[in-house]
Amino acid sequence: MNKRTRNYALSVTPWLLATLSGCATFDKCAVGTCVGDREITAGIRRQLDSVPTLSQEQITVQTIDQVVYLSGLIEAPMDDDAAVAIARNTAGVEKVVDWLAIGP
């Protein structure tokens with residue numbers, strides 16, 4: 001291996017390791033205590049549907065790696081606050097990303 005190839009390999013290896021390690025799944029909690037993304041989404045959806053002002057709203061709930069994404073069009077700022085609070089207080093949620101828009 002010539003010097004140029006060796007230097008390239010040495011410069012690419014740390015980047016490659018960092019990139020590939022981001023693709024791995026790691027347990028964030030003890031065995032049997034993690035709530036899966038599907039269960040988180042279903043729990044939030046159930047709670048949203050139980051609130052009269054939110055059940056008619058067009059709110060999409062997606063959960064990826066315990067991060068909840070709320071999106072859609074709602075009618076009032078307090079509906080936004082209520083939806084975010086429901087998501088934040090759901091077991092297993094680590095973060096809530098609020099993409100809700102207020103409109104007619």
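Yes or no: T41 loosely packed, with under 15 Cβ neighbours inside 10 Å and of a type in the set (S, T, N, Q)? Here the answer is no, as T41 does not meet what is asked.
When you scan segment 70-100, how many residues do you find that are hydrophobic (A, V, I, L, M, F, W, C), assigned to a helix (DSSP H, G or I) and closer than 15 Å to E39 by Cα?
2
Taken over segment 47-104, the criterion of being surrounded by fewer than 14 Cβ atoms within 10 Å (Cβ to Cβ), among the charged types (D, E, K, R) and over 15 Å from the mean Cα position of the chain (by Cα) is satisfied by D49, D81.
None of the figures in this text is laboratory data; all of them are computed from the coordinates on show. Being a predicted model, the structure only gives us computed values, none of them experimental. As a convention, Cβ positions derive from the backbone with ideal geometry for all residues, glycine included, and neighbour counts pool all protein chains shown.
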